[in-house]
Amino acid sequence: MAVRRLLLLGLPLLSSCASVYFPPPAAAPMLTQKGEFSGGLHTNWKANVTAQGAYAAGEHVGIIASGSFLHTNGKRKVYDQDFGEVGAGYYTRFGADQSRILEVYAGAGYGKGKRTERTRAGEVTETVEARLEKYFAQVNYTKKDREEFEFLGRTWPFRYGAALRLSYMNTPELRLNGQRIPGEDNIFFEPVTYTRIGLVGPLKFQTMSGWNFGLKNRKYLTAGNSVFSLGLIINVGGDGRGD
């Protein structure tokens, strides 16, 4: 049963999209006590690499930050994106055994994106460039107590949870083939689930999957991208009881 639940939560959802924006994974640091630090490195099938960090600055105050980098050079499409986010919020443990975590964060992100399409012969047919602004709020719920599954003769502890993120995206500067055009905005709803498997000591492997839904009909700032990532996570500091 545990293995079946793990596979369902970690199942990747894949899609393609012509958007000029590709969402980085939502932060899920699982902070539990003051002084705790969480760091992670994530990637997906499109080679969108994201570095994340979070710090419990107070008993219930957390700070999160991330940087996302996507640079691909395909035969027909080229994607470039550099994007950073920072936020702050509230975290707490609850439940009879204090095994559940609730995190609420809000913040902003800024960066730039570029999408180039070309023919098989290498001739560029369209280039879209955008300066990106983002404002977001998210809620994370994690079951902190450990569950386990047997694999390769070893017992692997894992935890799982879900995050709901609502983001307002804006392109204050948008260019099509070098010419300035009216900017676009959109509201994205990103529900995701994540599973974290213990490897060695504080080092863990994480899968995250979900979708990015756009609430407005736009041409260049669209949704439809699956939100999927694989990553390594480490949580250290605090009083040592949180993990």
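The values are calculated or read from the model by the stated rules, or taken from the named source; none is laboratory data. Predicted, not measured: the structure shown is a model, and the values here were computed from it. Glycine gets a Cβ as well: all are built from the backbone with ideal geometry, and neighbour counts include every protein chain shown. Keep in mind that these areas ignore ligands, DNA and RNA; they rest on the heavy atoms of the full protein, side chains included. Shrake-Rupley method; radii C 1.70, N 1.55, O 1.52, S 1.80 Å.
Mean shadow of segment 88-208, computed from the convex hull of its alpha carbons, in nm²?
Here the figure is 12.0 nm², rounded to one decimal.
Can you tell me, using C-alpha contacts under 8 Å and at least 6 residues apart, the relative contact order of the chain as a whole percent?
Value for the chain: 21 percent.
Note the listed values (1) 14.0; (2) 15.5; (3) 18.1, then indicate which one is mean projected area of the Cα convex hull in nm² calculated from this particular structure.
(1)
How big is the dipole moment of segment 91-142 about its Cα centre under a simple scheme where the beta carbon of each Lys and Arg is +1, that of each Asp and Glu is -1, and everything else is neutral? Debye, nearest 20, please.
80 debye
List the aspartates and glutamates whose Cα sits under 19 Å from the Cα of Lys46, skipping any in the same chain fewer than 8 residues away.
Asp80, Asp82, Glu117, Glu129, Glu190
Please list, or write none, the lysines whose alpha carbon is within less than 18 Å of the alpha carbon of Lys219, excluding same-chain residues fewer than 8 places away.
The qualifying lysines are Lys77, Lys112, Lys114, Lys134.
Quantify, in whole percent, the carbon and sulfur part of the accessible surface of the chain (1.4 Å probe; protein heavy atoms only).
61 percent
Within the chain, which is the longest segment that contains none of the GluC sites (Glu not before Pro) sitting in a DSSP loop with at most 15 other Cβ atoms within 10 Å?
124-243
Could you tell me which chymotrypsin sites (Phe, Trp or Tyr not before Pro) in segment 15-57 are loop residues by DSSP with no more than 16 other beta carbons within 10 angstrom of their beta carbon?
Trp45
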